[in-house]
Each structure stands twice: as structure tokens, then as C-alpha cells.
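First the structure, in the form of C-alpha cells, and then the observations on it.
The values are calculated or read from the model by the stated rules, or taken from the named source; none is laboratory data. What you are looking at is a predicted structure, and each value in this text was computed from that prediction instead of being measured. Every residue, glycine as well, gets a Cβ built from its backbone with ideal geometry; the counts of neighbours run over all protein chains shown. When the accessible area is computed, the model is the full protein with side chains, heavy atoms only, and any ligands, DNA or RNA have been set aside. Shrake-Rupley method; radii C 1.70, N 1.55, O 1.52, S 1.80 Å.
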Amino acid sequence: AYRKYFGLADTNLVKPGQNLAFSIDVHLPDDILKLVSPDFESLKISKMEGRYESDNNELSAELKMPFARFSGLRLDSLNLSVNGKDESLTMVMNLDMLSYDTLKIENFRIKEQVEKGIIYSHISTLDSAGRENYLFANQIETADDFFSIRFLPQGLVLDGSPWNVEAGNLLEMRKGKLSAEQFVFSKDKQSAGFITGSENQKLVFENFALQN
């Protein structure tokens, strides 16, 4: 049934009137976690529940994970929700902090919305005032031997500054052939993107520098 969310034929039909619900209380002591994997340091899941109704392909699920520690990776306050109905699906994830070694990402947000096979993706990090520090907002389409991605208007923010996104920008892979249109993005004297020609393709960077 999940194939309907992506605009694909449902080859594994679910009978009407089929309902499923689950709610799991997850509390694993540290010694049990070590049996799962010696690299597990700690894990707390305060909520894991969901339901599905086949009549209208309605799905809802929610996960709340206050913290997790695994092999040096640290996650704090992960909240994930998934909601779908008919041919639409929305996934929202909020993560207060992710760290590993010298890498640290705070206020990480992902929203993925699927409408009849078209994916609208919004990935961002927020600063302490709640403003977007980084943003990648895209429209994505996939099919057999086909993939395309484009940036939405005002859909690129780097180091807290909006970058210029050309109308008609597109990066496409079709039957193994890669092509790009207006897929170079700029701010002042900086630019970055991807260019394809009749005989070559290349990444381009000019005066490109990120502060964070």
C-alpha cells in the first residue's frame, strides 16, 4: 500500500477494512543494550506508536527518543512523525542535537512531503533565534531509470544567507545520462553548482567559502 504514496501501482493489494494499531513501551536496561551491540551506551524511547487503515490508506506513526548514545554518536531529543492518506504522505523529523567526534549539528529539521509520487523536501538547521542557518528545499521526482531534483524558489540558504536560485533549475538523470539546467547558484561573488555539456560535466565552485 505504501507504493500509492509514491505514485506507483499497488502490486500488493490490501483488503478493505483492514486496521492495524501498535503502541510499544521501550525501556532497555544498559546490560540488555550491550547484548544488542557492545557499542550501545544508552538509549531511551519514550513513545513509539502508530496505526494504519486500509480503506483510505491512512497511516500515522510517532516516535520520541529523548537520547541515544552509540559508538561515539550522540542524539538528543529526536521526534519523528509520519502521516499519510490516499496518495499523500508527510514525514517530519526534529532533532535538537547530533554530535560525533568534532561534528556537531543543532536544531536539525527535516520535512518530506509526497504528493502522487512527487517529493517536496525541506532540510534545515536553525540558529539560536530560530532562523534558518542552512536550508535545502527541493522538488524530487523518481521513476524507473529516471531521477530529477530542483531547488524551490528561495530554497537555498547557506551560513544564514539566501542564495540566488534560478527559475528552471534542474539536475536530471535519465537512462544513465546526466543533464543540468540553470543548476549553478550564487550569492554576491560566490557560486557553486553543476554544469553539463555535450561531452563533459563538472562541479563548479567560485570564491566558495562557508563559515560554519
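Our summary gives the chain a relative contact order of 10 percent, counting only alpha carbon pairs under 8 angstrom and 6 or more residues apart. Straight-distance candidates among the lysines for linking to K47, with alpha-carbon spacing under 30 Å and chain neighbours fewer than 8 residues away dropped: K4, K15, K34, K64, K85, K104, K111, K116. Other residues whose C-beta falls under 10 angstrom from the C-beta of K47 contribute a net charge of -2, scoring Lys and Arg +1 and Asp and Glu -1.
Between the listed residues S99, L170, I110, the Cα displaced farthest toward the positive end of the dipole of the chain, a dipole computed from Cβ unit charges relative to the Cα centre, is found at L170. The GluC sites (Glu not before Pro) found in the range 147-212 that occupy coil by DSSP, while having at most 12 further C-beta atoms within 10 Å, are E199. Could you count how many Lys pairs in the range 131-212 have their Cα atoms under 23 Å apart, skipping same-chain pairs fewer than 8 positions apart? Counting lysine pairs in the range 131-212 gives 4. Per-residue accessible area (protein heavy atoms, 1.4 Å probe) orders V36, V82 as V36, V82, starting from the largest.
With a cut-off of 15 Å between beta carbons, the residues surrounding A192 carry a summed charge of -1, where Lys and Arg count +1 and Asp and Glu -1. Each stretch of four or more DSSP H residues adds -39500 (n - 2.57); spread over every residue of the chain, this sum gives -1000 deg cm²/dmol at 222 nm. Taking a sphere under 11 Å around the Cβ of E62 and counting the other residues whose Cβ falls inside, with K and R at +1 and D and E at -1, yields a net charge of +2.
Expressed as a whole percent, the accessible area of the range 139-187 that falls on carbon and sulfur atoms is 49 (1.4 Å probe).
Across the range 169-212, Cα pairs under 8 Å and at least six residues apart give a relative contact order of 27 percent.
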